[in-house]
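Take a look at the structure set out below.
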Number of protein chains: 2
Amino acid sequence: MSEQSRITRVVEVIASRPYFYLLGPALGRLVFYSNLDGVPGIWVLDPKTYERVKLTREAIHSFAFTRAESREVVFTRDVSKGRELQKPYVAFVDKPEERVIADVPPARVLGISFYGSRVVYIGATAESVDLYMLDFSGGWEKLTTFTAVAFLTDFNGRYAVGHGILSGDPRAYELFIFDVESGRLATYTPRRGSVNLNPVLRGEQVLFESDFEGRKRLYVYDIGSGELRPVAFTHRDYDGYRPVEHVRFGWLGDGRVWAIGKRDGRTSLFVDGRRVNTPRGVTTSFAEVDGRFFVTASSLTRPPQIFEVDPSTGAIRVVVRNALPRGLQRAFRRSYFVRYTSFDGRRIPAFVVESAGNSIPGPTVVYVHGGPWSEVMDSWDPFIASLVVAGYHVVAPNFRGSTGYGEAFRALDIGDPGGGDLEDIVHAGKWAVQRGLASALAVMGYSYGGFSTFLALGKHPEVWKAGVAGAGVVDWEEMYQLSDAYFRKFIDTLFAGRRDLWRERSPITYVDRVSAPLCIIHPANDTRTPLKPVLRYMQRLAEKGAVFEAHILPDTGHFVARVQDRVAVIAPALQFLRRYFPVTPGQQ
Amino acid sequence: MSEQSRITRVVEVIASRPYFYLLGPALGRLVFYSNLDGVPGIWVLDPKTYERVKLTREAIHSFAFTRAESREVVFTRDVSKGRELQKPYVAFVDKPEERVIADVPPARVLGISFYGSRVVYIGATAESVDLYMLDFSGGWEKLTTFTAVAFLTDFNGRYAVGHGILSGDPRAYELFIFDVESGRLATYTPRRGSVNLNPVLRGEQVLFESDFEGRKRLYVYDIGSGELRPVAFTHRDYDGYRPVEHVRFGWLGDGRVWAIGKRDGRTSLFVDGRRVNTPRGVTTSFAEVDGRFFVTASSLTRPPQIFEVDPSTGAIRVVVRNALPRGLQRAFRRSYFVRYTSFDGRRIPAFVVESAGNSIPGPTVVYVHGGPWSEVMDSWDPFIASLVVAGYHVVAPNFRGSTGYGEAFRALDIGDPGGGDLEDIVHAGKWAVQRGLASALAVMGYSYGGFSTFLALGKHPEVWKAGVAGAGVVDWEEMYQLSDAYFRKFIDTLFAGRRDLWRERSPITYVDRVSAPLCIIHPANDTRTPLKPVLRYMQRLAEKGAVFEAHILPDTGHFVARVQDRVAVIAPALQFLRRYFPVTPGQQ
């Protein structure tokens, strides 16, 4: 009788595990982003006492990194009920006040930064993608308009920098440097076609990641001299590690460079090339406060926490604790990284989490990450964790197009979304069966993972016993028509302009072939993957008498951050799976 | 954090309260229908020990009354995943066996009865409404086809009887008598335009309820002689009670007549005119087993139970207990019957249940029953009970068109659905505010109540803070096109043929005026109120950016009987109300 509330309760416990991200130091304190109380907001922590205070009340959307010498904390708030149109706000680490910075038109914010009394950000509306500059006293102006997709990553009072697909080549990223004094927008790339990301400023020096020499390394470009040099570290640990990519990197106060390197879904932190001890799994952010080092870290089986790391001894101390109840922790039997062979012989990386509430072989969910330029790492994921505590083994493939395995791998689905990547997803399931892990397969994903789920059920109906598609794409053509300027550019980049593929890669083309029970979960106000075509997809399912359920979530957009909204997304998915893809009682 | 699972848990406790209905005696045992173990089925009880055994495994749909001398129990099962296409089954009170009776085409069953080795029922398909006769040995034939809506109520081996709208007058019901020997179908009415219902046979004598002399009374019609006489009772209690209608009535083994009379939403049981003591509230069924009397009864604040009543002493003993946990029972502050004045001065009956988890005045839900030819009585209702334990006061109007208050009142919405009845629903809310019970109003209903909810939100948006529409109608025109033969006749009867009203009385006409947050819950396989037009209604809500959520339930039809399906219907409704129509914490 109590099955439904038990599942909801378990999802609540998982979904209410807070996440953390460090924004940096401010007036000697540590500022971080968290949904510690259920609502995403900004917190400030005293490094001496570890006491923390929340600076914001209502939910926030995105944020700028802090400045050690500034009291201000800059963030954005969705003013459109999940439609991701935001306004910039400011709060203060040393007084309880928060306010809108200026009366700007709401926009999708693609990176925000501040220095001194000025804030810059890129804002996308239905019509255009623009660079804005604001003043804490309320003034604002539009600095320039981008003709391409661009993200702002830093601002130092003189220069605003970021990256974007500025040359029109969908596989390349160039840097942009906007000079506030001259009003001039410059584009920089070390080599045409290379991928250059996440520039961070120190005066006229621009630290960034580039693959122009083959693999991704860190470089410094000097705006004044136009000189480019690779970062040279004092210590050799970093070079020995040979990261494939970087989670993040930056300058310490004294001008040394720190970096979180990434290999096979796990990370290492380096300061001036020397490895710093961090918890097992993935370190997602780093901050230095008066010489003390703080990180956020988690793994697939351990929720995120904030830690302090002693750089000399390597001792790790928990700053904000976040543990699972022991009964749920036991559900995670083990997690591991694998590579399996896909249809064309290519080796595809994946993470596997085995549930202690299941036999081997047992019912297994292929979990498909979003993006597609994203990845499943050995870091906490509420979807995966919920599946495991509900009794399912999970295989999470980093299909071609995923980040974390180099630009050549990432670029494989540009011009081919729903092609080779879909085969990789299907082969993840086949691998799990062949290996003896899976007795039967379901597929589940959110966003691009929802798209892949719809497509997998329609193109490979024989593989799956059930599917759960969250915030998915069903029709690229109609989605394009409903998209704003930014997402039209995104779709054109993803397809490399090949609109002739839209129909063949749209799940609605295969809706009549779906045979497995399907659970659809969709935010009502989603502006990335709009609801409208999905309702048409449901019409078709209803007409052919398919077994499906649907949950449309009110006042919610694509970005689900509040705990209660996460529960509303995940709990119906698990109720559905328990019904149509049961873990047999004897296996519990 | 635990709000969502707490609400789900409360709904599980309410929805898992079993209901009971007595099918009668069989070989000295008592046969009853219940979802005691979560799945609706047939049980048999030993009257000496009160021990009970379930006869059926999978969920059943409808059933025939038993025969004291027969071991067989006849019922139907939905073989269409909730689409209400059924096949007839037989089980046995004295051996563990159940099987399909005959290989008939699945149909919507409108009454089933058996005698000896033969079973008769009316089955409606997309094309026609037919009378079938089956043999327990597997033979079957179609006896006749009805050109109108008809319900079978009894069969005695020679005659099959029932009622229907046989003359074409939408306000009148005539009896039909089918003679199996001659194959002749006769229609009988004491007076043209009168309402004649629920005939029960004893040889050639037909006991039925009729209003042909003004108010509803019980009569016996003799098929052989054609003679009609009012039932004359030995005792006078019944005549003094003057029931407005009857819940049910029948013959005892010795030829005396029993009847459950109804007034103002409560009942009294009479045997040969003498009042028999029963629990407070509503008695829904009665059975005599070897001279011992059993009833099922409940109230708005007490879940259903089976009782034995001693006819001589009036002593009442619980046969199958069904109590709420004390904490939830305390939520029911009190319930009472009222009459309020509607827009045209007409007095409308209603039930009110006050929640102890709410202040007075406090947030109040106007609960709209289905039908429309049905009513809220002082009997257990899982929707109302769930609302009350979640902290809401409930006002449940028996708007014009409801049963229980005479044929003139019932007929008021024939030719006017969504007209005067809708005003009565709005005025129920206004009454609750004026009386000081309601601080704010929401509206909620299922089926015709879902239709009324949609229409109330669109035509009177200023009245409501939120609405929950379950399995509702949004477009009469499209619904008619999607309906089977039976439901087309139902719609024509309801509108008295006035198709010119369809557009004006369709909620989709007013969808752009809906301003309150709306929760839509709809079974995917609903064949009474199909999903398709509701998806179109959602499209419109999405286009105008309305605040709405939706839950489409898989493998479920209009008739929601399994506990887990009831939870899936009610829990999202309460989660939604707690968010958009909160009971303020200080009132808890």
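In percent, rounded to a whole number, the relative contact order of region A:206-351 is 12, using alpha-carbon pairs under 8 Å and six or more apart. Across peptide B:527-538, the average count of Cβ atoms from other chains found within 10 Å of a residue's Cβ is 3. Mean per-residue shielding of peptide B:261-272 is 0, counting Cβ atoms of other chains within 10 Å of each Cβ. Across chain A, the relative contact order, built from alpha-carbon pairs under 8 Å that are at least six residues apart, equals 11 percent.
In this assembly of identical copies, the label point of B:T49 (Cα plus 7 Å along Cα-to-Cβ) is separated from its counterparts by 7.0 nm, sorted shortest first.
Placing unit charges on the Cβ atoms of the charged side chains and taking the dipole of region B:326-580 about its Cα centre, the candidate lying farthest along the positive direction among B:S506, B:S379, B:P533 is B:S379.
For chain A, the tally of Lys pairs with Cα-Cα distances below 27 Å comes to 23, considering only residues 8 or more apart or on different chains. Taking label points 7 Å from Cα along the Cα-to-Cβ direction, B:R202 and A:R347 give a separation of 8.8 nm.
Ascending distances from the B:G168 label point to its copies in the other chains, with the point 7 Å along the Cα-to-beta-carbon line: 7.4 nm.
Within region A:438-534, the GluC sites (Glu not before Pro) that combine a DSSP coil assignment with at most 13 other C-beta atoms in a 10 angstrom radius are A:E462, A:E504.
What do you get for trypsin sites (Lys or Arg not before Pro) in region B:179-217 restricted to DSSP loop and a cutoff of at most 15 other Cβ within 10 Å of the site's Cβ?
B:R191, B:R192, B:R215
Fully extending the segment from A:E51 to A:L482, taken as 0.36 nm per residue of separation minus the present Cα-Cα distance, adds 150.6 nm. For region A:165-178, 3J(HN,Hα) computed residue by residue from phi via the Karplus equation (6.51, -1.76, 1.60; θ = phi - 60°) reads 8, 8, 8, x, 6, x, 9, 10, 10, 10, 8, 10, 10, 9 Hz, glycine and proline entered as x.
For region A:326-580, the relative contact order comes to 16 percent (Cα pairs under 8 Å, sequence separation of at least 6). Against chain B, whose longest principal axis is taken from its Cα atoms, helix B:448-459 shows a tilt of about 30°. May I ask you to list the residues of region A:58-100 whose amide nitrogen lies under 15 Å from a point 7 Å from Cα along the Cα→beta-carbon direction of A:F136? Answer for region A:58-100: A:64-75, A:89-100. Under a model in which nothing but the beta-carbon of Lys, Arg (+1) and Asp, Glu (-1) is charged, the protein assembly as shown shows a dipole of about 2160 debye around its Cα centre.
Could you tell me how many degrees, from 0 to 90 and to the nearest 10, lie between the Cα long axis of helix B:420-434 and the main elongation axis, the longest principal axis, of the Cα atoms of chain B? Between helix and principal axis, roughly 60 degrees.
Applying a DSSP loop filter and a limit of 11 other Cβ atoms within 10 Å to the GluC sites (Glu not before Pro) in region A:162-249 leaves A:E181, A:E227. Across the identical copies, the label point of A:E477 (7 Å from Cα in the Cβ direction) is separated from its matches by 2.7 nm, in order from shortest.
In this simple spin-label approximation, A:E227 and A:T147 carry label points 7 Å from Cα along the Cα→Cβ vector, and these lie 3.4 nm apart.
Rounded to the nearest Hz, the phi-derived 3J(HN,Hα) couplings of region A:496-511 under the Karplus curve 6.51 cos²θ - 1.76 cosθ + 1.60 (θ = phi - 60°) are 6, x, 7, 5, 5, 8, 3, 5, 5, 9, 9, x, 5, 5, 10, 4, where x marks glycine and proline.
Each value in this text was obtained by applying a stated rule to the coordinates, not by laboratory testing. Everything quoted here is computed from the prediction, not taken from an experiment. Glycine also receives a Cβ, built like all others from the backbone with ideal geometry; neighbour counts cover every protein chain displayed.
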